[in-house]
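Comments concern the structure below.
The values are calculated or read from the model by the stated rules, or taken from the named source; none is laboratory data. Bear in mind the structure is a predicted one, so any value in this text is a computation, not a measurement. For neighbour counting, all protein chains shown are included, and Cβ atoms are generated from backbone atoms with ideal geometry for every residue, glycine included. Ligands, DNA and RNA are excluded from the accessible area calculation, which covers all protein heavy atoms including side chains. Shrake-Rupley method; radii C 1.70, N 1.55, O 1.52, S 1.80 Å.
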Amino acid sequence: MAIVALNLKTYEESFQKTKLLEAVAEQETEHELIVCPSLPDSPAFAAEGKEVRLFAQHVDPNGFGAFTGSVPWSAMKRLGFEGSLLNHSEKKIPHNRIRETIENAKEFKIIACADTIEEAKILASFAPWAVAIEPPELIGSGVSVSKAKPEIVKEGVKAIKKANRNVKALVGAGVSTREDFRKSLELGAEGVLLASAFVKAKDPKKWLEEFLEA
Ligand code: G3P
């Protein structure tokens, strides 16, 4: 059983929530499916996607209070979100803020994203729920990290586990086919983080069904 986290980013297609939620909710799979909707669409996903596990794309370390413009993790939790991505390559934040968020949001599952093995090692030492390594140059490329840079998956997983063996090791960037998924798991990853292949698929439900056959 592996984790498959579907980051919807802010692609225009990601706002077709009913289609995407159905695509996920109707899968019969042993894998752990997670959906990360955009912030503007989060309340709608929470209202319509009760049977789907939801993670935010970003949260701030503060809870409720006078924090104008912030995304309080506690507000996302109240909406029904189980956790959040953090420090995605498209939404980088300082490491001290990542640590603070992990410490403050103990009842929230944080998937801390790392661009490199070095960064993955640092983030794993903060003890998030998971660390996802994604080489930025492969994001959205359609060329999977497991194919283009298998050593990053292998060494990255080792580095995460060495820093903290309780942290789940995920990989992402360009993951597009069930072979990419299978290869990622073979190389030691406990799951994948992916976006464009799912969001932009003509038929996301069918695409996911095939993908999960890995
Ligand atoms: O968060 C997942 C993402 O950055 C990878 O994007 O489109 O290469 O699957 P994509």
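Beyond 21 Å, the tail of the calculated P(r) for segment 3-212 holds 49 percent of the Cα pairs. Rounded to the nearest 10 square angstrom, Asp60 shows an accessible area of 20 square angstrom against a 1.4 Å probe. In the context of the full set of protein chains, residues of the chain present 46 Å² of accessible surface per residue (probe radius 1.4 Å, heavy atoms only).
Placing +1 on the Cβ of every Lys and Arg and -1 on the Cβ of every Asp and Glu, with no other charges, gives the chain a dipole of roughly 500 debye about its Cα centre. Counting only protein chain heavy atoms and rolling a 1.4 Å probe, the accessible areas of Met76, Met1 rank, largest first, as Met1, Met76.
Remark: spin-label model distance Ala66-Glu28 equals 5.6 nm, labels positioned 7 Å along the Cα→Cβ axis. Scoring 135-146, 98-109 by mean Cβ neighbours within 10 Å over their residues and listing the highest first yields 135-146, 98-109.
Using the structure shown, list the pairs from Lys9/Lys121; Lys109/Lys149; Lys109/Lys161 with a Cα-Cα distance above 19 Å, or answer none. With Cα atoms farther than 19 Å apart: Lys9/Lys121; Lys109/Lys149.
Taking the accessible area of segment 3-212, probe 1.4 Å, and keeping the other protein chains in place, the carbon and sulfur fraction comes to 50%. When the helices in the chain are scored as -39500 (n - 2.57) per DSSP H run of 4 or longer and the sum is shared across all residues, what 222 nm value do you end up with, to the nearest 500 deg cm²/dmol? Calculated from helices alone, the mean residue ellipticity at 222 nm is -10000 deg cm²/dmol. Here segment 33-60 and segment 82-129 have alpha carbon centers that stand 18 Å from each other.
Lys161 exposes around 60 Å² of accessible area when a 1.4 Å probe is run over every protein chain in place.
Counting charges near Glu190 (Lys, Arg +1; Asp, Glu -1) among other residues having Cβ under 11 Å from its Cβ returns a value of +1.
Residues within the reach of a label modelled at Ile93 (point 7 angstrom out along Cα to beta-carbon, backbone nitrogen below 15 Å), restricted to segment 7-48, are 39.
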